Every structure is written in C-alpha cells, then in structure tokens.
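*Asks:* A single structure is presented below for examination.
The values are calculated or read from the model by the stated rules, or taken from the named source; none is laboratory data. Keep in mind it's a predicted model, so treat the numbers as computed, not measured. Please note: Cβ atoms are built from the backbone with ideal geometry, for glycine as well, and neighbour counts cover all protein chains shown. Note: areas computed on protein heavy atoms with side chains; ligands, DNA, RNA excluded. Shrake-Rupley method; radii C 1.70, N 1.55, O 1.52, S 1.80 Å.
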Amino acid sequence: MRNKIDFLTFLISFFLIIRSENVEAQVTPLSKAVFVNEHMQAAIPREQQDKIALDKLAALQKKTGKRPNMLWFVIDDMGYGDFGCYGGGSAIGASTPNADRLAREGLKLTSTYSQPTCTPTRSAILLGRLPCRTGLIRPILAGDKLTKNPWSDELSLAKLLSDVGYKTVLTGKWHIGELEGMRPFDVAFDEYYGYYAAEKEISQSFDKRRYPDLVLDPFKLAAYNKLGASKDLVYGKKGGKEELMKKTTSTDDMAEADQVLKEYTIKKIGEMAKGNQPFFLEHSFMKMHTDVFASKKYEGKSDSKYPYKDGVVEVDAIIGEIVAELEKQGILENTFIFITSDNGPQEDSWPDAGYTPFRGGKASSWEGGVRVPGIAYWKGMISPNRESAELFDLMDMFNTSLAIAGAKDKIPQDRYIDGIDQSSFLLADNGQSKRDRVHIWVEKQFMAIRLYEYKMHFKYTTPEVEMMGIDQSSIHQVGLAPWLFNLYIDPKERRVVGHALNAWTAVISAEAKGHVATFAKYPMKSIGLDQ
C-alpha cells in the first residue's frame, strides 16, 4: 500500500498529525543547526567566526570608503569535473589555468549544491528560496503558458541591493521569463544585456545539420517562430523598454555570443569603477549549454579539439580577462568573486557535454545533477589555499551577498528563506559552514536530503538508456525504506548502507519530515509550469 502513496503526501500527512501549525525546530541528536526564525532555514551557530567576518568587512569599508562589489560567474551546464582544480582541465583535454589559479588563491568548495536544472537554480540564487516555493520549478520553454508572473510577489537580490545603493547589472543568459514583468530590468536589475533563452533554444532554428526536420521544413520553422520565443541579443534598463541589440541569424552568432557578452561586462566594469556606487554584477555565460559552437578565436584551442572542450577553454579565458579588468581598474581587492555552474552536465548531448565523477547528470537528484564547482575568491579577504568539503547551497548566495553588503536586515520576513548567510564561512581563515543539510527537489517532488556526509533518497531518477537522464528517464519511488548512502565512502551512490550498516535512518527521516512541515505554513506556489 505504501508504495502506491506519493511519499511527499505521506510525509506531510504524517508530520501534520504530530505538529502544530507553527513551524518549530526539528530536534534530533545528529543536528547542530538551530532555527532562529520560523521562516528561515536552520543554521549552525558560529559566533566567533561571525565576529571575524564582520571585523574584516568593517576594516575593508574603512579602507575603501564604500561597500564591496560582487561579481558572480554563472556557467551553464558545466560539469563538476571540467575545471582542472576539480580533477579535469588538461587531464581531460581542456586546460583551465584562470579558474585553477583563483581556486588556489581563494577557497575551493567541494560540496556546492545547485538545483537540478537551470531556471530553478537561476531563480533560487536570486531569491534565496527553493523553486517549489516560487513556482519556478523547471525551465520556461517556448510554448509554455504561465498562469501568473512568478516575480510579482517575490523580492530579488537585485531589488534588495538596489535599495541600499548598489548598481545592479546582469550580463548574459537569463532564462527566468521573457514576458513583460519577468525580465531582469523588470525585477530590479539596473541594466541587462543578454539573451533570455538557453543556447540550444536559439541555435536549433538555424542548425540544419542537427535539426533538419525543423530548419529545412518551411512550415515547421514558421510554426516554431510563431511561438514568439526571443532569439536575439537585447538590452534593457530599469524603468525603460527592451532594445534589440543584435539579431541572431546563424549559429555563428551563438559561437561568438560569449565574446560579445564579455566585452559588455568589461566595459561596464570600467564605467562602474569610476563611479561612487558599489556594484553587483552577474556574468551569466551562454556556454556550456548544448549546442556548443566554438568561437573562431578558440576553435581547436583545446587539446581535445571537440567544440565543448574549446568552449571550456574560452570560458576560462573570459574569467581571466574579466578578473584582469578588475585589477586594471584598481578594484580587485574590493570585489567578492564567486564562480559556479547552474547544474550538472547534460549527459544526453554527449560528447557535447561536461564531465562529472558522480552518478547522474542534469535534471537528476543524484550527485552528478546537483553537485557543482564553487570557487570563492577575494584578494586580501579570503585566504589562499583553502579547500572545504562542508556544505554550501547556491541559495546561500542570497543571504551571503546581503551580509557582505551590510544589508542582512533586508532579508524578507514574510516568506520562507531557504538560504543561509555563509559570509563567515568564506571570510574567516578557518571558517566552517553553517549548513548541515541540503534539500534536493526535482520540480515539486522531494527527492533527497543530504545531512553531513549522509544522503537519503525518497525517490530517484533512472535513465532508461545510459546517459539519457532527461529525454529517456523515469522517476521511481523507493521501496520499504529510503535509500541511504554515505558519500564519504561511496561518492558515486552505488550501494546503500541502509539501516543494516547505519544507525541514522530514522533520525535523517525525521529531519526530512521537519523540512516538509515548513510547507504547511509556507505552501508551494504554482505558475503553470507543473501542468
């Protein structure tokens, strides 16, 4: 009988019986986290390192006379193992000296978690909230009919930073809505220069070798174009109208897109460095999302010679050029830099895909789908040669960025915030994570929880054909007991330890129930993507 019941429904029903309507701390022997507020994810108290971080930030502001800048590099679909510092690089045919150097001179996080796909991650890092709470549970695709604007009742990081005097800019891929009211400059970014859609969604209507039945069939191509999905490079300014900057007419435009975006970011850094405002800049690459077309400058530049690997070399070079511009403008020491990917590699498009040493890939709740690179660099503020396997969720960038900006009091109090302020984890020389768990969802299905080194699955994704984790996969529910893995001894999630080899099955289940209970007072939102 139990196998026939949706496990999420089971958890909610069970937990509501034993809990009041108020969300209380779920206390178990294994957890160090404390609920400070009922509407915020529990965090491990770290008072001493918090003071160290605050003192560092205060000293920097006294030295510079203004709040620090923030620069995020968000790469599309890059695998955990693509950078050399994560085991890839020249060993797999594409050296990445710039990212590797920043990892050596900063903090390399080896347990950084994203959402399984791009739209969920890109929204979560700007809102600090799980996508199932905001309705942004999967990529918004051509032909989707949304029932409401998901941003209408959300508060973006760009809005909160703007309120305390930051200049906010997003360059590159957006993919969180292209209708009026949902664009970056509608949700408080001062300026936006980029593409609304993912690379494949743009290039497929021009690539006759890969999509001949679309490109070479006038009727189908016209029907596709009638869907109205944006393919072009656009610019928008807060309070202004969208402007067409460059019409996309071929795959060559996509090949050179990241070079065009790089030039804009470098130009904006030069402009903002001369002003008095601190800035928050999210540079969001079009690469490495399939289909990858190598830029002429980088074609064949990787040892591999494959387009994906040439793209990795290009992305790494662009990171180096943009960081060099910060140094040239004299603001490197006052700029917090974070490098990551929005999810794991899209294995379906192999060999046009990244590498992960873990099981699964994009769209799955296995480690390969949600465990991504995380490099934190801040010259003079983050000590070099640091590495940590403690937990960091990309939603933590929301709270952490507000703390770095001295605006932690701006975190909303009227909704559930899943992010945690990890500024002292990053800034204290021996900083430790304040997060002891990560909750992993695929759309509106609660799939797994990681608590310390333990990962418990309630549902799992299986590719019916090897590496076809999106186009030919299915979701299954576990049997009599959740599947429990120890990621320290089995990072590939191949063999459960279960209750026979582990004492914590019931305890970790209780922690999962505590998470599910937060939805009683703070329910999920639907915007039409779950139809």
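*Asks:* Gain in length, Lys66 to Glu327, computed as 0.36 nm per residue apart minus the alpha-carbon separation, to one decimal in nm? Don't skip to the end; give the middle numbers.
*Replies:* Working: separation 261, 0.36 × 261 = 93.96 nm, distance 1.72 nm.
Additional length available on full extension: 92.2 nm.
*Asks:* Another question, then. What is the distance, in nm, between label points placed 7 Å from the Cα along the Cα-to-Cβ direction at Tyr488 and at Lys208?
*Replies:* 5.9
*Asks:* Å³ per residue of the Cα convex hull, for the stretch 25-145?
*Replies:* Values: hull volume 24.8 nm³, N = 121.
Given the Cα convex hull of the stretch 25-145, per-residue volume reads 205 Å³.
*Asks:* Further question: Just to check I understand the Karplus step: with θ = phi - 60° and J = 6.51 cos²θ - 1.76 cosθ + 1.60, what whole-Hz values come out for the stretch 369-386, glycine and proline as x?
*Replies:* Those phi angles translate into x, 10, 9, 10, x, x, 10, 10, 10, 7, 4, x, 10, 9, 5, x, 6, 9 Hz.
*Asks:* Could you list the residues of the stretch 206-233 with an amide nitrogen less than 20 Å from a label point located 7 Å from the Cα of Lys145 in the Cα-to-C-beta direction?
*Replies:* 223-230
*Asks:* Also: Rounded to a whole number, what % of the accessible area of the chain do carbon and sulfur atoms account for, probe 1.4 Å?
*Replies:* On the way: 11020 of 20830 Å².
That fraction is 53 percent.
*Asks:* For the chain, which DSSP H helices look membrane-span-like by this rule: Cα extent along the axis of 18 Å or more and mean Kyte-Doolittle of at least -1.0? List each step's numbers first, then the result.
*Replies:* Details: long enough: 47-64 (26 Å, -0.89); 257-273 (24 Å, -0.33); 307-328 (31 Å, 0.24); 505-521 (26 Å, 0.45).
Span-like helices here: 47-64, 257-273, 307-328, 505-521.
*Asks:* Any chance you could run the full-extension gain for Lys267 through Val465? It's 0.36 nm times the residue separation minus the Cα-Cα distance, nm to one decimal. Walk me through the numbers on the way to the answer.
*Replies:* On the way: separation 198, 0.36 × 198 = 71.28 nm, distance 4.58 nm.
So the chain would gain 66.7 nm between Lys267 and Val465.
*Asks:* Please give the net charge around Met467, taking every other residue with its beta carbon less than 9 angstrom from that of Met467, where Lys and Arg add +1 and Asp and Glu add -1.
*Replies:* -3
*Asks:* Sticking with this one: For the stretch 120-142 and the stretch 147-195, compute the distance between their C-alpha centroids and round to whole Å.
*Replies:* Going from one Cα centre to the other spans 13 Å.
*Asks:* Among DSSP bridges having both ends in the chain, what percentage is antiparallel? Round to the nearest 5. Numbers along the way, then the final one.
*Replies:* Working: 36 of 63 bridges.
Taking every DSSP beta bridge within the chain, about 55 percent pair in antiparallel fashion.
*Asks:* For the stretch 239-398, max minus min Cα coordinate along each principal axis, in Å, sorted largest first?
*Replies:* Principal extents (largest minus smallest coordinate, Cα): 47, 45, 37 Å.
*Asks:* So if I average 1/r over every pair of distinct C-alpha atoms in the stretch 393-461 and take the inverse, what Kirkwood radius in Å does that give? If you can, show how the numbers build up before the last one.
*Replies:* Details: mean 1/r = 0.0735 Å⁻¹.
Kirkwood radius, the stretch 393-461: 13.6 Å.
*Asks:* With a 10 Å radius around each residue's Cβ, average the other Cβ atoms per peptide and rank 96-105, 35-44, highest first. Walk me through the numbers on the way to the answer.
*Replies:* Values: 96-105: 21.1, 35-44: 17.8.
Most protected by this proxy first, the peptides run 96-105, 35-44.
*Asks:* Which cross-chain or sequence-distant (5 or more) residues have an amide H under 5 Å from the amide H of Ile44, H modelled 1.01 Å from N in plane?
*Replies:* Those qualifying (amide H under 5 Å, at least 5 residues apart or on another chain) are Val34, Arg435, Asp436.
*Asks:* Give the Debye-formula value of log10 I(q)/I(0) at each listed q (0.28 Å⁻¹), with one equal scatterer per alpha carbon of the stretch 463-512, two decimals each.
*Replies:* -1.07
*Asks:* Show the residues, 5+ positions off or on another chain, whose built amide H is closer than 5 Å to the amide H of Trp441.
*Replies:* Correct list: Met447.
*Asks:* Moving on. Cβ under 13 Å from Pro491's Cβ, Pro491 left aside: what net charge do those residues give with Lys, Arg +1 and Asp, Glu -1? If you can, show how the numbers build up before the last one.
*Replies:* Details: positive: Arg359, Arg371, Arg450, Lys455, Lys492, Arg494, Arg495; negative: Glu367, Glu453, Asp490, Glu493.
Summing Lys/Arg as +1 and Asp/Glu as -1 gives +3.
*Asks:* Okay, moving on. Leaving out ligands and nucleic acids, and using a 1.4 Å probe, what accessible area per residue does the chain come to in Å²?
*Replies:* Working: 20830 Å² over 531 residues.
Heavy-atom SASA per residue in the chain reads 39 Å².
*Asks:* Taking 37 °C and 0.692 mPa s as the conditions, I'd like the Stokes-Einstein D for the stretch 334-468 in µm²/s, using the Kirkwood hydrodynamic radius from alpha carbon pairs.
*Replies:* Values: Rh = 16.6 Å.
The estimated diffusion coefficient comes to 198 µm²/s.
*Asks:* Same structure, new question: From the phi of every residue in the stretch 75-81, what ³J(HN,Hα) in whole Hz does the Karplus formula 6.51 cos²θ - 1.76 cosθ + 1.60 yield, where θ is phi - 60° and glycine or proline is x?
*Replies:* Rounded to whole hertz, the list is 9, 8, 6, 6, x, 3, x.
*Asks:* Between the stretch 320-388 and the stretch 51-90, what is the C-alpha centre distance in whole Å?
*Replies:* Going from one Cα centre to the other spans 10 Å.
*Asks:* Put a dot 7 Å past each Cα toward the Cβ at Ser526 and Lys220; how far apart are the dots in nm?
*Replies:* 3.3
*Asks:* Okay, moving on. With only Lys, Arg, Asp and Glu charged, each at its Cβ (+1 for the first two, -1 for the last two), find how big the charge dipole of the stretch 87-245 is about the Cα centre; round to the nearest 20 debye.
*Replies:* 300
*Asks:* In terms of the Cα gyration tensor, with a ≥ b ≥ c the square roots of its eigenvalues, is the stretch 419-494 rounded because a/c is under 1.5, prolate because a/b exceeds b/c, or oblate? Write down the numbers at each step before the final one.
*Replies:* Working: a/c = 2.26, a/b = 2.03, b/c = 1.11.
Because a/c hits 1.5 or more and a/b exceeds b/c, the stretch 419-494 counts as prolate.
*Asks:* Let me ask something additional. Can you give the Rg/Rh ratio of the chain, where Rg is from the C-alpha atoms and Rh is the Kirkwood radius?
*Replies:* Numbers: Rg = 22.2 Å, Rh = 23.5 Å.
For the chain, the value is 0.94.
*Asks:* List, in order, the whole-Hz ³J(HN,Hα) value for each residue of the stretch 475-492 obtained from phi through the Karplus relation with A = 6.51, B = -1.76, C = 1.60 and θ = phi - 60°; use x for Gly and Pro.
*Replies:* Per-residue couplings from phi come out as 9, 10, 9, 5, x, 5, 9, x, 8, 10, 10, 9, 6, 6, 9, 8, x, 8 Hz.
*Asks:* If packing is taken as the mean number of other Cβ atoms within 10 Å per residue, what is the order of 223-230, 160-167, 134-141, highest first?
*Replies:* Order by mean packing, descending: 134-141, 160-167, 223-230.
*Asks:* Normalise the Cα radius of gyration of the stretch 153-258 by 2.2 N^0.38 Å (N = residues in it) and let me know the number.
*Replies:* Working: Rg = 15.8 Å, N = 106, 2.2 N^0.38 = 12.9 Å.
Its radius of gyration relative to the 2.2 N^0.38 Å reference: 1.22.
*Asks:* Using only helices, what value at 222 nm comes out for the chain when you add -39,500 (n - 2.57) per DSSP H run of length 4 or more and divide by the total residues, to the nearest 500 deg cm²/dmol? Before the final figure, lay out each step's value.
*Replies:* Numbers: 17 runs with 160 residues, N = 531.
The helix contribution divided over the chain gives -8500 deg cm²/dmol.
*Asks:* Out of residues 5 or more away from Ser473 or on other chains, whose amide H comes under 5 Å of its own, with H placed 1.01 Å from N in the peptide plane?
*Replies:* Hits under the 5 Å cutoff: Glu464.
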